[in-house]
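Q: I am attaching a structure below and will ask some questions about it afterwards.
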Amino acid sequence: MKRLIAFWISMMLGAALMTGCGTAKQAQPDAGPVTVNVTALKGPTAMGMVAFMDRADSGELADNNYHFEIAAAADEVTPRLVQGQVDIAAVPANLASVLYNNTEGKVEVLAVNTLGVIYIVESGDTVSNISDLRGKTIYASGKGATPEYALNYILAQNGIDPEKDLTIEWKSEHAECLSALMAEENAIAMLPQPFVTTAQTKSDKIRVALDLTQEWDRIGTDSALLTGVVVARKEFVDANPAAVEAFMEHYAESVAFVNENVEDAAALIEKYDIVPAAVAVKAVPACNIVFITGDEMKQKLSGYLAVLLEQNPKSVGGSLPADDFYAQPRAGETDR
C-alpha cells in the first residue's frame, strides 16, 4: 500500500512539474512571428536599410512581419516611438540620447548605423587641411545643432577659434549653402551627403576639401563623429528578444549589401524615394554606412555624446545616458 501511495505521489509530482514546465514555456515571449514596426529618416540614416526593406516587401523574409516607413523629419518619428506605434527607429545619434532622457530610460540604442557625413567643400583649390580655414568664410547650416558642435569641436582641437579665426555664415538650409557655393568663385561650404554629391553633379568645379569624419578621427579620442543610430523601445526588446536578434541579423546583411553592391543599392535607394539612383551611386561610398554594436558602439557613441554635452547639454537631453542605454549582445548574438 505504501508503495502504491508513493507511486501516485511520484506521478502527481511529475505531472505538476510537466505542467509547470508547460506554463513557463507559454510565458516565454517571442513564441511566433512578431510584427516589427520600423521607421527610418530619409537620407543616409535609411540607406543601409534598403536591402532589408526590399527583402521584407518581396515576401522573402517570413520570420517576422516587418513594416517599414521612411520619415522626412525626426519630429515625425519621436512621438510615434514614444507612444509605441514604432518599435525600432533609425534616428540622429544625439536624438537617441534625448529620447532616453525624456522617457526615463525606456529607449536603448542597438547599433551605430552611420558615421559622419559632413564635408568641407569648395569651388576652388585653397583648402587642403584644417589650418587652411583660418581667415576664410564658410557657408554652413545647422547652427544650434550637431553640425555646429562638430565643426566647433574640430576647429578648437586644431587650435582654431570658431568665433575669431574665421567667419561662419549660417544659413537656414543646406540648399542655401549650395546656392552660395555655386554662385561664388572659391566659395567654401560645410555640407552633408548627399548634398555634396548633388553639388558636384551641378558643377565640376566643386571639390571635397576635407572629410570631417577623418578630421575627428585625427584628434585621437575614444569617440567618433556620428550621424545615425538604431534605437528600440526597451519594452519591445524585452518582450521580443528573438525578433530583435533577427532584425539585427537582417540589418547587418543589408548594410553589407549596400556597401558591396553600390549600383544595385542605388536602385533600391531610388525605389524607396530617398535620393535618385544617379546621386546615390556616387554618395553611398561617402556616407559612411556602418553596423557597429556592443563595446565599440558604446565607446564611439558615448565619446561623441560627451563632446556634445560639453558644448550644449540640451543637445543630448541634459545629461549622458546611463549604461543601460547601450544594448549589449544577447545570447547567441556576437558583438559586431
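The values are calculated or read from the model by the stated rules, or taken from the named source; none is laboratory data. Since we're looking at a predicted model, the values are computed, not measured. Note that each Cβ is placed from the backbone with ideal geometry, even for glycine, and that neighbours are counted across all protein chains shown. Just the protein is used for accessible areas: all its heavy atoms, side chains included, with ligands, DNA and RNA removed. Shrake-Rupley method; radii C 1.70, N 1.55, O 1.52, S 1.80 Å.
Q: Find out how many positive minus negative residues lie around residue 142, taking Lys and Arg as positive, Asp and Glu as negative, among other residues whose Cβ is under 11 Å from that of residue 142. Don't skip to the answer; put the middle values down first.
A: Working: positive: 143, 171; negative: 148, 173.
Surrounding charge for residue 142 is 0.
Q: To the nearest 10 Å², what's residue 184's accessible area with a 1.4 Å probe?
A: Estimated to the nearest 10 Å², residue 184 gives 80 Å².
Q: Something else now. Taking +1 at the Cβ of each Lys and Arg and -1 at the Cβ of each Asp and Glu, which of 259, 146, 242 sits farthest along the dipole of the chain towards its positive end, judged by Cα position relative to the Cα centre?
A: Toward the positive end, the furthest listed residue is 242.
Q: Between the range 205-259 and the range 54-116, what's the alpha-carbon centroid distance in Å?
A: The range 205-259 and the range 54-116 have Cα centres spaced 12 Å from each other.
Q: To continue, here is another question. Taking the chain as a Gaussian network, where each spring joins two C-alpha atoms under 10 Å apart, which residue of 172, 223, 141 fluctuates the most?
A: 172
Q: How large is the accessible surface of residue 250 in square angstrom, using a 1.4 angstrom probe and rounding to the nearest 10?
A: 20 Å²
Q: Only one of the values [x] 28, 23, 20; [y] 32, 27, 17; [z] 47, 22, 15 was calculated from this structure for semi-axes √(5λ) of the Cα gyration tensor in Å; name its label.
A: Looking at semi-axes √(5λ) of the Cα gyration tensor in Å for this model, the match is [z].
Q: If you don't mind, there's one more thing I want to ask. As I understand it, the dipole of the chain uses +1 on the Cβ of Lys and Arg and -1 on the Cβ of Asp and Glu, about the Cα centre. Which of 155, 316, 121 lies farthest toward its positive end?
A: 316
Q: At a Förster distance of 45 Å, what's the computed FRET efficiency of residue 219 paired with residue 239, Cβ-Cβ distance as r, to 0.05?
A: For residue 219 and residue 239, the calculated efficiency is 0.65.
Q: May I pose another question? Any chance you could give the angle, 0 to 90 degrees and rounded to 10, that helix 2-27 forms with the longest Cα principal axis of the chain?
A: Between helix and principal axis, roughly 20 degrees.
Q: Then there's this: Residue 132 accessible area, nearest 10 Å², 1.4 Å probe?
A: 40 Å²
Q: If you don't mind, there's one more thing I want to ask. Which order do 273, 54, 324 take by accessible area at a 1.4 Å probe, largest first? Show your work: numbers first, answer last.
A: Values: 273 105, 54 45, 324 80 Å².
Of 273, 54, 324, the descending order of accessible area is 273, 324, 54.
Q: Now a separate question. Considering only DSSP beta bridges with both partners in the chain, what is the antiparallel share in %, to the nearest 5?
A: Taking every DSSP beta bridge with both residues in the chain, the antiparallel ones total about 55 percent.
Q: Pick out which of 315, 97, 203 has the largest mean-square fluctuation in a Gaussian network model of the chain, springs linking Cα atoms closer than 10 Å.
A: It is 203.
Q: Note the full-extension length gain between residue 102 and residue 311 as 0.36 nm times their separation in residues minus their Cα-Cα distance, in nm to one decimal.
A: On the way: separation 209, 0.36 × 209 = 75.24 nm, distance 1.94 nm.
That works out to 73.3 nm of additional length.
Q: For 52, 68, give me the order by solvent-accessible area with a 1.4 Å probe, most accessible first, ignoring ligands, DNA and RNA. Please report the intermediate quantities before stating the final value.
A: Details: 52 0, 68 45 Å².
Putting 52, 68 in descending order of accessible area: 68, 52.
Q: Relative to the first principal axis of the alpha-carbon coordinates of the chain, what is the inclination of helix 93-102, with its axis defined by its Cα atoms, in degrees from 0 to 90 and to the nearest 10?
A: Roughly 50 degrees between the two axes.
Q: Can you put 114, 198 in order of accessible area, largest first, using a 1.4 Å probe?
A: On the way: 114 0, 198 40 Å².
Result, largest first: 198, 114.
Q: With each run of n ≥ 4 DSSP H residues scored as -39500 (n - 2.57), what mean residue ellipticity at 222 nm is computed for the chain after dividing by its residue count and rounding to the nearest 500 deg cm²/dmol?
A: Helices in the chain give a 222 nm mean residue ellipticity of -14000 deg cm²/dmol.
Q: Hey, another quick one. Along the charge dipole of the chain, pointing to its positive end and built from +1/-1 on Cβ of Lys, Arg, Asp and Glu, which listed residue (58, 304, 37) has its Cα farthest out?
A: Sorting the options by dipole projection puts first 37.
Q: On a 0 to 90 degree scale, rounded to 10, what angle separates helix 174-183 from the longest Cα axis of the chain?
A: 30 degrees
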